[in-house]
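J.: The structure under discussion is supplied below as structure tokens; questions concerning it will follow.
The values are calculated or read from the model by the stated rules, or taken from the named source; none is laboratory data. These numbers come from a predicted model, not from an experiment. Cβ: placed from backbone, ideal geometry, glycine included. Neighbour counts: every protein chain shown.
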Amino acid sequence: MTEFSVTEFRQQFPILQRLVNNQPLIYCDNAATTQKPQAVIEAISRQLQNTNANVHRGAHYLSAKATTLYEQARAKVAQYINAPHADQIIWTKGTTESINLLATTIGQQLLAEGDEILLSVAEHHANIVPWQQLAERCGARLVILPIDQQGRIDVDKSLPLIGDNCRFLCINHASNVLGKINDIKPLLNKAKQAGAITVLDAAQTAAHFKIDVQDLDVDFITFSAHKMFGPAGLGVLYGRRSLLDSMPPYQFGGEMIKTVSFEHTEFNQTPHKFEAGTPNLTAVIAMAECIDFLTSDLCQQSLRYEQALIAYAYQKLDQIAGLQWLVVGCPDLPIFSFTLQTGHHQDLASYLDSRGIAVRSGHHCAMPLMQALQLPGSVRVSLAPYNTFAEIDRVVQCIVEFIASEQQPSQTAANVTAIQSEHSVSVSGQHWQDIRHRFSQATGWDAKHREIMLLGKALPRMDKAERTEQHLISGCESNAWLKIANQDNDMLTFEADSDARVIRGLLNIILSLSNGKSSAEILAMDFDAVFDELGLMQHLSPSRGNGLLAIVKRIKELATSNL
């Protein structure tokens, strides 16, 4: 095997050439979704240009051609995971829909009162909520498998939990937060002995190594194309043939039927009985190109490089003073989740974004895990073989810079006074005019971000006793609180606070517009126009953008209550 060339690998991904916030993009959010190689992009375009027709039902050339490509993609996926037959591959919208399909069909079919569904504490919400809702409907209960200090499912403690009442074992191959590969075979074998159905969420592992479903002897396995260099909106559900044939359909409509009359409907065979309606045929056909890419020599060569990348990133991040890992030890996959002793996870993610570095912050759709770890959230840096050692160095450098900025002597009385006199909340309107001027001078997101963070520093903190559930703003990923502090005639003054400084900065902007205004004036205010003028919404991530809108919604609710 020839030596892997990260330069050649990167050249397959056009998006890596672009600038973000006037700086080279460093994409470190691969556990959420991977970027797409040129071959997959061209496959999408080629299908739409040359074979755009519905599959299976059309009696013409384009439909026949599209159907052939559609089923060839199914066969390629089956071969990729060593499924015995292509008709054991069900196309879904993603891992989430695959799990919902199972809970709604075989789950509803087999589960009864007193039965148990076993999940690990480190599952994604998509592998918790469908089973939780099913258990509530059926009178069953969830049994939670613990993890060890390394972040893997604790096999020794979990095996005794798989008892006679276990009907489903639904676990991840690797956590999307911790990046540790679970020792699943003992768990699968014990569940099989108990007569349970086994479901494996392989969303995080499918891009990193080939999975052999026959070797694992698992009943169902699911993963998403968009996490393995493939198109979005497409998932794969593999199932044991006997179980698929015995399961009722998930949805009803076109393609999943054989015959229909007003007296009786006969359903199609597997896999088509689970694929109602017009499928995402463009993504399915492009998935064939994705499998070709994953099995190419270049991608196979990347596996050893990825292991070196993991070791290097862990070593470099581990040297940062104040960085705290969620669990012990280097991850198996290039997923690095951590907190900082100084600084909120959202503030770090926002700081990195201003420098062109894409990471994830928050609970990562794993709130029960965060609760078990007693954390409100974390930062996640997740890599792929197109990331470089130099990019890791840059990420580490920026984290160190962020920590240093948080520890700067701005805590001194003189500095705090200077900042607050420059950016303090006022009821006169002058504070808003100052913000408006400063943001007009801040030409890039880096400069605008700095202004937001300064405003966050300047916002007076609410008393801890006031940061209660009563004043909590619903819709902010970070905890944020808002209350009416004073009402002078009809003029309102608000107080607000947040765990994250970036949110405090946004609160400061909103309060500069709202304080000293009447309820009617606040309700008539066009906040969207203000955010557009400041250039905020096009730069804020969806979570922070939604948080900004949630703040506006809450302040208008409070204004309405005081009419």
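J.: Go through the residues of the range 155-168 one by one and say whether even a single one is under 21 Å from Thr96 (Cα atoms), buried (at least 22 other Cβ atoms within 10 Å of the Cβ) and touching a Phe, Trp or Tyr at 6+ places or on another chain (Cβ under 8 Å).
T.: Yes, there is a match, as at least one residue in the range 155-168 is under 21 Å from Thr96 (Cα atoms), buried (at least 22 other Cβ atoms within 10 Å of the Cβ) and touching a Phe, Trp or Tyr at 6+ places or on another chain (Cβ under 8 Å).
J.: Turning to a different aspect of this structure: Name the residue that is surrounded by the most Cβ atoms within 10 Å (Cβ to Cβ), counting only residues in the range 344-400 that are among the polar types (S, T, N, Q) and under 18 Å from the mean Cα position of the chain (by Cα).
T.: Filtering first and then ranking leaves Ser382.
J.: If you don't mind, another one. Among the residues of the range 489-501, is there at least one that is closer than 30 Å to Gln23 by Cα and in a helix (DSSP H, G or I)?
T.: Yes; the residues of the range 489-501 include at least one that is closer than 30 Å to Gln23 by Cα and in a helix (DSSP H, G or I).
J.: If you don't mind, another one. Filter the range 431-449 down to the residues that are touching a residue at least 60 places away in the same chain (Cβ under 8 Å) and either out of contact with any Lys or Arg (no Cβ under 8 Å at 6 or more places or on another chain) or in the same structural domain as Gly356 (by TED's automatic domain parsing) (or both) and list them by number.
T.: Those that are touching a residue at least 60 places away in the same chain (Cβ under 8 Å) and either out of contact with any Lys or Arg (no Cβ under 8 Å at 6 or more places or on another chain) or in the same structural domain as Gly356 (by TED's automatic domain parsing) (or both): His431, Trp432, Ile435, Arg436, Gly444, Trp445, Lys448, His449.
J.: Looking at Leu455, Leu459, which one is closer than 23 Å to Glu533 by Cβ, assigned by TED's automatic domain parsing to the domain that holds Leu506, at pLDDT 90 or above and in contact with a strand residue (DSSP E or B) (Cβ under 9 Å, 6 or more places away or on another chain)?
T.: Leu459
J.: Could you name every one of the helices (runs of 4 or more DSSP H) located completely within the range 178-288 that has at least 2 residues being outside the structural domain of Gln11 (by TED's automatic domain parsing), buried (at least 20 other Cβ atoms within 10 Å of the Cβ) and out of contact with any Lys or Arg (no Cβ under 9 Å at 6 or more places or on another chain)?
T.: 185-193
J.: Is it the case that the range 517-524 has a residue that's touching a strand residue (DSSP E or B) at 6+ places or on another chain (Cβ under 8 Å) and assigned to a helix (DSSP H, G or I)?
T.: So far as the range 517-524 goes, yes, one or more of its residues are touching a strand residue (DSSP E or B) at 6+ places or on another chain (Cβ under 8 Å) and assigned to a helix (DSSP H, G or I).
J.: Does Thr205 satisfy being under 28 Å from Val327 (Cα atoms), out of contact with any helix residue (DSSP H, G or I) (no Cβ under 7 Å at 6 or more places or on another chain) and of a type in the set (Ser, Thr, Tyr)?
T.: yes
J.: Taking Asn22 and the conditions (1) surrounded by 14 or more Cβ atoms within 10 Å (Cβ to Cβ); (2) touching a residue at least 60 places away in the same chain (Cβ under 8 Å), which numbered condition does it fall short on, given that it satisfies the others?
T.: (1)
J.: What residue, among those in the range 113-143 that are among the aliphatic types (A, V, I, L, M) and touching a residue at least 40 places away in the same chain (Cβ under 8 Å), is surrounded by the fewest Cβ atoms within 10 Å (Cβ to Cβ)?
T.: Top of the filtered list is Val121.
J.: So, one more: Residue check: is Ser561 of a type in the set (S, T, N, Q) and in contact (Cβ under 8 Å) with a residue 40 or more places away in the chain?
T.: no
J.: Ok, one more. Does the range 450-480 hold any residues that are outside any helix (DSSP H, G or I) and in contact (Cβ under 8 Å) with a residue 60 or more places away in the chain, and which are they?
T.: Within the range 450-480, Ile473, Ser474, Gly475, Cys476, Glu477, Ser478, Asn479, Ala480 qualify.
J.: With the structure loaded, tell me whether Lys483 is charged (D, E, K, R), assigned to a helix (DSSP H, G or I) and either modelled with pLDDT of 90 or more or at negative phi (or both) or whether it fails that test.
T.: Taking the combined requirement at face value, the residue does not satisfy it.
J.: Do you know which of the residues in the range 192-211 that are farther than 20 Å from Arg152 by Cβ and among the charged types (D, E, K, R) is farthest from the chain's Cα centre (by Cα)?
T.: Checking each candidate, the answer is Lys192.
J.: Being small (Gly, Ala, Ser) and within 24 Å of the chain's Cα centre (by Cα) is the filter; apply it to the range 25-45 and report the residue that is surrounded by the fewest Cβ atoms within 10 Å (Cβ to Cβ).
T.: Ala32
Condition check ((1) modelled with pLDDT of 95 or more; (2) basic (Lys, Arg); (3) farther than 20 Å from Ile392 by Cα) across all residues:
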| residue | (1), (2), (3) |
| --- | --- |
| Pro249 | no, no, yes |
| Glu255 | no, no, yes |
| Ser261 | no, no, yes |
| Asn268 | no, no, yes |
| Glu275 | no, no, yes |
| Ala283 | yes, no, yes |
| Ala288 | yes, no, yes |
| Asp292 | yes, no, yes |
| Leu309 | yes, no, no |
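J.: Given the criterion within 16 Å of Phe168 (Cβ to Cβ) and assigned to a helix (DSSP H, G or I), identify the matching residue among Leu101, Leu142, Leu119.
T.: When all the criteria are applied, what remains is Leu101.
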